[in-house]
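Structure first, then comments.
The values are calculated or read from the model by the stated rules, or taken from the named source; none is laboratory data. In this text, all values refer to a predicted model and were calculated from it rather than measured experimentally. Glycine gets a Cβ as well: all are built from the backbone with ideal geometry, and neighbour counts include every protein chain shown. Quick note on the areas: whole protein, heavy atoms, side chains included, nothing else; ligands and nucleic acids left out. Shrake-Rupley method; radii C 1.70, N 1.55, O 1.52, S 1.80 Å.
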Amino acid sequence: MVIRSDSLGGSMMHMYGQQVLLKSRTNEAVDAVAQAAFNEKKWLWVEDSQEGFIAGYVTSERKGPNGDEYEVYLNNGKVRTVNANDTQKMNPPKFDKMEDMAELSILNEASVTHNLRMRYQDNLIYTYSGLFLVALNPYRKLPIYSDSVVQSYKNKRRGEMPPHIYAVTDLAYHDMLQDKENQTILITGESGAGKTENTKKSIQYLASIALDKFASSATSTRDGGKLEKQILEANPILEAFGNAQTIRNNNSSRFGKFIRIEFSSSGQIAGGNIQWYLLEKSRVAFQAPDERNYHIFYQLMNSHRSESKDNFKQELLLDGDCSDYRFLRSGARFIEGVDDAQEYNVLKNAMNIMGFSRKEQLDFLRVVAAILHLGNITVTADRSDQVQLPDIRPIERACHVLGIPVQEFMKGLLRPKILAGRDWVAKAQSKTQVMYSIEALAKALYERSFGKLVDRINKAIDQARTSHSSNFIGVLDIAGFEIFEVNSFEQLCINYTNERLQQFFNHNMFTLEQEEYRKEGIDWKFRDFGLHLQPTIDLIDKNNPVGILSCLDEECLIGSSDDAFMNKLNTLWKGKSEKYEPVRFKKGFILHHYAAKVEYSTEGWLKKNKDPLNETVTRLFATSSEPYIASLFEDYLEADAISDSAISRTRMMRIGGGSFRTVGQRHKEQLNSLMETLANTTPHFVRCIIPNTEKKPGKYQIPLVLEQLRCNGVLEGIRICRDGFPNRLPYAEFKKRYEILCADALPPGYIDGREAAKILLTALDLDENQYRLGTAKVFFRVGVLADLEDIRDQKLASIFTGIQAHARGHSARRKIQRRAAQSEMIRVIQKNARKYIELKEWPWWKLYLRIKPLTTANRADNEIRKKEQEKKAVQAELDKVRQEKQYLEQQHMDLGREKKTIEEQFMSELRMAADEKDILQRSLNQAQAKTKDLEQEIETLAAELEGVEDERDQLVLSNKQFELRVTELSADLEESQQITASLQQELAQKTDEYNTLLNDKEKEVSKALNLSELEMALQKTIIDLRDALNQKEVELTSTVTRLQDQISELQEQLTKEKTQHRELQDTHHSILTQSKADTEKHATELRDLKSQSSEKVSELRKLQAELSQANVNAEKTKNRLEGELSDLRLELERKQVAWRASAKICGQAQADLAKSQKETEHERSLRERVDADLMQAKEDLRKLRRDLHDACEELEESNNGKKAIEQELSIVSSTFGDDIRSVHDLGKVKQDWETRLKALENELAEEKSKLAISEKARCKAERELAEEQERLEDLFTQKEGTFEETKLILMKEVQDLGEKLEVERAAKEDAQSLLRRLTKEISGIVGSYDV
């Protein structure tokens, strides 16, 4: 039976009850005709601005001014003359619809797009492009994801099946199991390219193959398939709350997610985890005309038409339709072909499978309803700009759903309290501010609720923490590159993420590949494939020089404006980076991304980065009567309930992590963590392509596709795959795997791995151009390794066939022999049955049957039962020890996870501290520069003032001298009046001189007055400068206060870590104490069982005395090591007791075995089985002892890790102290803080000294413990020798008993012969009596 499957490009054929996909074979005659038509003419591709490329053939050729020119007849019927350089070669028809574009004979843009177009038109949406997969969005459902298709791709190598997302996923799964390495599948592309659907199909395939693994496993204990179903059902929930309709996609993911699926070593799913990034929360309050809000809003509004019995809509006070709510009016209300009521049923079913209770479902929907009610609140303002809330009905509904008082909510909206210094002051809001506050609250509600939803899903599927997970496969689905008419802060974060992912792709595909060739010494010319993305990334996230995000954080920290941010950004980067361009007449800039130039508008960026909320209302939410709403805002504490010194710390903790963290910082931290995870895995790339912008099936726009191929580096990936050696194996692995192909080629004995690989490759007769021998690996071109695998499979198949033939022959012979033995045994049984029938009425036989129970031989059954009871007791002890082992392993896993969490938190805080330090350092440098400038200005003004004062003093002195001179002249004038008239002329002359001097004096006085005014102006300038300096001192003081709060917070965290560490030690001590008590109980029971042997009891008592002495010696060490030493003594005692018990049980079993040889062979087999079980029990006890010892060592390592983290936290605290001291020394302000800072330094130094003393004490105690352990090991070795001697004596006794048994057996045979002789004589006497 053959079923056509055109969408897969082949046929489905049943083979051994299973459908197998077979590649389709085209008609050879048709291929020949097409090839002949192609050979008749010279075909090529001609570039076209509308269609990208048009096929045509050359009708004539001629020389032109710019080189050769062709006259081409195009397929659209036009004739065009083109330059030869503007054309591209065409592949022959046999290369049409190639599954791997790396196999094209001619590789160029036209051939690649043509191959994709032909496959897309035949519904072949998947195509290999070298080492990764290209997927085109079909914009319709295709029958290529059914269960039969899933089965056909399982355990298939690439090339055996057509390209598919299942093939990539299966390869990742296979590599994870074989290489024991984590894998990631990176599904990237622009919005609307189909990333979300491919992510779902990939997870569906993993769940399916893991479920088959579970079904074939007989050791799994969890519910079959429940975890797999939950992982699959997580997707409808995330889509409902995180997806929405956009212009380019009806089901666009408006958040990024990284889905980790944990697997056990056997390939079964052990758990899962979902991390989310960049939720587009602004969509909650506004949507474009052709877009919608998140799906959950419309599903809830149409829930009354669903099959669900829960009437959540009425319970949440929702009535009417979508047009009645402001947050749903601006966008579209329906999606073509989608029924929101039916989708609500799917959501409810998924929540039920995930284990969501009705209360939990109501809580998540409560937030959705509350947002709709908040959106309907109307705000008006009167003539005096007093804000009013005219309609109270939506407020009452919102408050009822949120569980908060109405009046307090209204008061918080209209007159929120703000922190002014140390007091809370009510501030009146404008209409715009109130509306912004409502929308910000709605967005914060939805974002926080979405985070809680993801946490709840992780709680349901993250079972890896309670199981033994081995590796994971991660699937990344994140928003693609976005270019809108207005690109804001959200688009910068998304495009920055894609820039980093594209750099990761380039690094893995191009850079690492060529670096590997260079390190291995392969002859390779390094090729630059372009796409240098590091300058753009540095422009966005670099700290020195300041990048866009760091500059934005600085402006948020100092409370600047968007204009100041834009001016600073232009100063830093304008003309200094070719990736940055300023924008005229707008607030914004242009960035050169790998995909395109993007113009960003910086309007409102500071507010978006700080993400402020109305803290009065959020504190009200934190006290809500609904526990779920209160849990969303539990970080907002009531200001009246905390001290003033804790207010700033509370606000900083709410912002995050003990320091001021903005939206940009949080995203950069998340992205760094994601890139670190990806760098530690083996990546598999899937590139999703948008075929057209109209979302029409079958339509293929070549320019659009070509632009995406260029941006994604598809052609470069194909070239390096074709020219390079993408497949490689270490020499040892290559020899181990392919030695079977030429087993006789390798000489016996040791041979170097490289030489062995060279011999094997020569024997396989491979072309030298198909491989290269490196320093440690052998490299192959594309397809060579697959051919070797086929040859190896054929070889293995022939070997397995021979083995199976021999096995079947041996099995048949054994079956015949068994049947012959059965026939013989049947005849013996029949003979014995006949004899029994003859003898059962014989009086002597009846007498024998009555005497037999009284014989000692029958006691064997009782002994066997006793051994069975002992076996059950030992088995119970083993079960208990296994439970203890599992408990300790669980404790170790919990401590390991806690250690990892603390380390991640510490590294995060360290990175944030470094960023904060850079920002503070830059601010401090700026403040120092400004202070120096002000000081220089003050010095200059002071010097000028001193010069003016000197001039003024000189003028005053001149004035006084002039007054004295006037006085003298007046006296002379009085005297001259008494002189004769002849002196009149001289007097007039003197008067003229006086008038001249008087005029000069008036000029001097007016100049002095002007200087006084200048002096007043200078004094005013000095006062202003002093005010500015005082303000700067206040700013430095606030910075010091904030840093002091951070130090206090770090000290609190350090104290908390120490408390947790002490609690962990106490828990560890209690666990070991309980384990000691339980083990002593088991030891007592075992000693009771061995009380019959006085010699062994005395040895045991002697050993206990020695261990007690060891205990006294060990107690002299540090108290914190007492638990570990007790555990070691307990393990040694358990080992001795277990070995003594095993020895006695072994001796008793051997003695009973010797006695029971008088009976049947069946009893002997029972005794042997009991002996074997007891020996296995002894071995299990030894193994469990070793496991318990390893678990204790790992617990000690966890404690050491926590101590190291405490030391690093102390170092960070000290570093912050140094930064604050430098600020104080440079500022020369607030001298009283220096005393407190020195006190904190002394406390930190004391803490360090205490830690150093503790570390020395621990090292000393460890040395003492090692010495004590060596002494105990010597003692144990001595006792073990005694045990061996005792064992030899017992074995000799067993041999003696065996010899006695042989004598008794001979005596028994003599007695039996005598009995037979007497029986014959009695029979003869009876016969003669009858006669």
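Annotation: per residue accessible area for region 674-761 equals 43 Å², rounded to a whole number [probe 1.4 Å, protein chains only]. With an 8 Å Cα cut-off and a minimum separation of 6 or more residues, compute the relative contact order for region 232-303 in percent. Computed over region 232-303, the figure is 33 percent.
Region 533-585 and region 721-750 have Cα centres lying 54 Å from one another.
Looking at this model, which pairs from K443/K579; K525/K777; K846/K867; K831/K866; K42/K97; K597/K695 are more than 23 angstrom apart at the alpha-carbon?
Numbers: K443/K579 33 Å; K525/K777 19 Å; K846/K867 31 Å; K831/K866 35 Å; K42/K97 21 Å; K597/K695 25 Å.
The pairs that break the limit, which is 23 Å between Cα atoms, are K443/K579; K846/K867; K831/K866; K597/K695.
When every Cα-Cα distance of region 536-628 is counted in 10 angstrom steps from zero, the calculated P(r) takes the values 15, 41, 22, 12, 9, 1 percent. Kirkwood radius for region 484-581, taken over all pairs of different Cα atoms as the inverse mean of 1/r, rounds to 15.8 Å.
Largest accessible area first, the listed residues F38, F409 line up as F38, F409 when surface is computed with a 1.4 Å probe on the assembled protein chains.
Compactness ratio of region 56-177: Cα Rg over 2.2 N^0.38 Å, N = residue count?
Values: Rg = 19.5 Å, N = 122, 2.2 N^0.38 = 13.7 Å.
So region 56-177 has a normalised radius of gyration of 1.43.
Here the label points at H400 and D212, each 7 Å from Cα along the C-beta direction, are separated by 5.5 nm in the simple model. When T681, T432 are compared by accessible surface with a 1.4 Å probe, the order from highest to lowest is T432, T681. The phi-based Karplus calculation (6.51 cos²θ - 1.76 cosθ + 1.60; θ = phi - 60°) puts the 3J(HN,Hα) values of region 89-101 at 5, 10, 6, x, x, 5, 9, 5, 6, 5, 6, 10, 5 Hz, whole numbers, x for Gly and Pro.
So with the 1.4 Å probe, I'd like the accessible area per residue for region 98-217, rounded to whole Å². It would help to have the intermediate numbers written out before the result.
Details: 4000 Å² over 120 residues.
It amounts to 33 Å² per residue over region 98-217.
Counting only protein heavy atoms and a 1.4 Å probe, region 581-631 has 45 square angstrom of accessible area per residue. Calculated FRET efficiency, F286 to H507, Cβ-Cβ distance, R0 = 30 Å: about 0.20 to the nearest 0.05. The portion of the accessible surface of region 856-909 made up by carbon and sulfur, rounded to a whole percent, is 49 (1.4 Å probe; DNA, RNA and ligands excluded). Spin-label pair R62-Y836: with each label point 7 Å from Cα along the Cα-Cβ axis, the two points sit 11.6 nm from one another. Would you work out if region 732-849 is rounded, prolate or oblate? Take a ≥ b ≥ c from the square roots of the eigenvalues of the alpha-carbon gyration tensor; rounded if a/c is under 1.5, else prolate when a/b is larger than b/c, oblate otherwise. It comes out prolate by the Cα gyration axes.
Just by accessible area at a 1.4 angstrom probe, what is the order of V714, V948 from largest to smallest?
On the way: V714 0, V948 25 Å².
My answer, sorted largest first, is V948, V714.
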